[in-house]
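Okay, structure first, notes after.
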Amino acid sequence: MTPISILPTDRVFVLTGAGISAESGLPTFRADDGLWAGHSVEDVCTPDAWRRNPALVWEFYSARRTAGAKAEPNPAHIALAELETLLGERFFLCTQNVDDLHERAGSKRLHHMHGELNKARCEDACGRAPIEDRAIYGSLSDVGRCTCGARLRPHIVFFGEIPLEMDRIQEEIEQATLMLVVGTSGSVYPAANFVHWARQNGARTVYVGPEAPLNAAAFTHVVEGKAGAVLPGLFSLYGSGVKGQGSGVRE
Ligand SMILES: NC(=O)c1ccc[n+]([C@@H]2O[C@H](COP(=O)([O-])OP(=O)(O)OC[C@H]3O[C@@H](n4cnc5c(N)ncnc54)[C@H](O)[C@@H]3O)[C@@H](O)[C@H]2O)c1
Ligand SMILES: [Zn+2]
């Protein structure tokens, strides 16, 4: 397909979902069975699940940590890190993913709106900063306590909770002239609304994934394909192609 032009005046906002990590071997949420890695969201990823069975929640996220540590960034993660290198402050990446594949590919202007797998935070939200935590917990008694005495919970934003730093996200969307959305089903809110906010501001909106998302009608371009195959050649910057896998700008 013809590459999509990025002009010197463009500001690019990227939203990624579970699909961008699929080619790295991490299962998406709704895959075929409506389960995430064999579990229903209600059992492992809601405030109620945490209250009912914190041991199961930590067991689930410990397994996600094990899988995440084995996975490697794929050409889609790398293409976005390279695009950031070329655009600098005109680039912002917001991910719904809790894995760290974007940062391991080199992304820096990056925000994890649904939290991070390798962190933990106070369940009472006492105000202490989240801590780095890569532990694989075998039992709840192994999980540490916050300095206030409350239990530590995964840093993850559970379904039903408000995503992190929504103000910053909204500011970035308001400034964006081009929104790229990759590998998300358009079913988790408020992320599924970002494309509508961008369109209201007149931005071009591009979706990349193997099938059209639920909110496909709001996109000016839908590119059907796997992220790792499509992203490395998707954009042309000031008339030059932008390629992934360390190749920089194509002359
Ligand atoms: N890796 C992770 O961190 C991870 C994994 C699963 C779920 N989650 C969480 O669950 C929620 C699920 O929502 P979601 O919309 O991100 O995921 P989703 O599972 O609802 O949707 C995944 C989307 O990715 C697409 N997809 C599949 N393979 C792809 C590929 N190779 N390239 C591009 N797209 C591909 C599918 O067509 C689908 O639309 C997220 O909010 C996230 O926090 C995170
Ligand atoms: Zn605390």
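The values are calculated or read from the model by the stated rules, or taken from the named source; none is laboratory data. Only a predicted model underlies this, so the values are computations on that prediction, with no experimental measurement involved. No Cβ is skipped: glycine too gets one built from the backbone with ideal geometry, and neighbour counts run over all protein chains shown. With ligands, DNA and RNA removed, areas are computed over all heavy atoms of the protein, side chains included. Shrake-Rupley method; radii C 1.70, N 1.55, O 1.52, S 1.80 Å.
Pop out the carbon and sulfur fraction of the accessible area of the range 121-222 as a percent, whole number, probe 1.4 Å. Taking all protein chains in place, the range 121-222 shows 47 percent carbon and sulfur surface. Close amide H pairs (under 5 Å, H built 1.01 Å from N) link residue 5 with 236, residues at least 5 positions away or on another chain.
When only Cα pairs below 8 angstrom with a gap of at least 6 residues are kept, the range 79-215 shows a relative contact order of 18 percent. Dipole orientation for the chain: of the candidates 195, 136, 231, 136 has the Cα lying most toward the positive pole (charges on Cβ; Lys, Arg +1; Asp, Glu -1). Residue-wise HN-Hα couplings along the range 151-166, as the Karplus relation 6.51 cos²θ - 1.76 cosθ + 1.60 with θ = phi - 60° gives them from phi, are 6, 7, 10, x, 5, 3, 7, 6, 4, x, 9, 7, x, 6, 6, 4 Hz; Gly and Pro carry x. Each peptide among 1-8, 59-66 gets the average number of other Cβ atoms lying within 10 Å of its residues, and from highest to lowest they stand as 59-66, 1-8. Between residue 36 and 41, the built amide H atoms are under 5 Å apart, and every one of these is 5 or more places off in sequence or on another chain. Springs between Cα atoms under 10 Å define the GNM used for the chain, and in it the highest mean-square fluctuation of 23, 103, 171 occurs at 171. Peptides 10-19, 158-167, 78-87 ranked from most to least packed, by the mean per-residue count of other Cβ atoms within 10 Å: 10-19, 78-87, 158-167. Under 1.5 on a/c is rounded, so check that first for the chain, then, if it is not, pick prolate when a/b is larger than b/c and oblate when it is not; a ≥ b ≥ c are the square roots of the alpha carbon gyration tensor eigenvalues. Cα axes put the chain in the prolate bin.
Scalar couplings 3J(HN,Hα) for the range 198-213, obtained by applying the Karplus form with A = 6.51, B = -1.76, C = 1.60 to θ = phi - 60°, are 5, 5, 4, 8, x, 6, 6, 10, 10, 10, 10, x, x, 9, 5, x Hz; x denotes Gly and Pro. Helix 54-70 versus the longest principal axis of the chain: what angle, 0 to 90°, nearest 10, using Cα atoms? Approximately 40 degrees, to the nearest 10. Once you reduce the range 180-194 and the range 115-134 to the center of their Cα atoms, the two points are 25 Å from each other.
By its C-alpha gyration tensor, with a ≥ b ≥ c as the square roots of the eigenvalues, how is the range 158-225 shaped: rounded for a/c under 1.5, else prolate for a/b larger than b/c, else oblate? Here the range 158-225 falls in the oblate category. Per residue, the accessible area of the range 70-134 comes to 43 Å² when a 1.4 Å probe rolls over the protein heavy atoms. Our estimate of slack between residue 124 and residue 238, defined as 0.36 nm per intervening residue step minus the Cα-Cα distance, is 36.1 nm.
One decimal place: the segment residue 171-residue 111 gains 20.3 nm when fully extended, by the rule 0.36 nm per residue minus the C-alpha distance. Spin-label pair residue 51-residue 214: with each label point 7 Å from Cα along the Cα-Cβ axis, the two points sit 2.5 nm from one another.
Cysteine residues of the chain whose Cβ has no partner cysteine Cβ closer than 4.7 Å: 45, 94. Its residues counted as N, the range 57-115 yields a C-alpha radius of gyration over 2.2 N^0.38 Å of 1.22. Once backbone amide H atoms are built at 1.01 Å from N, residue 16 has 94, 95, 96, 182 as its partners under 5 Å, excluding neighbours fewer than 5 places away on the same chain. Normalising by the residue count of the chain, find the relative contact order in percent from Cα pairs under 8 Å and 6+ residues apart. Relative contact order for the chain comes out at 25 percent. For the range 1-89, the orientation-averaged shadow of the C-alpha convex hull comes to 8.4 nm² (one quarter of the hull surface).
Does the range 113-251 come out rounded, prolate or oblate by the C-alpha gyration tensor, with a ≥ b ≥ c the root eigenvalues, rounded set by a/c under 1.5 and, if not, prolate when a/b is larger than b/c and oblate if not? Note, shape of the range 113-251 comes out prolate. Within the chain, DSSP assigns beta bridges of which about 30% are antiparallel (rounded to the nearest 5). Relative to the current alpha-carbon distance between residue 141 and residue 43, full extension at 0.36 nm per residue lengthens the span by 33.3 nm.
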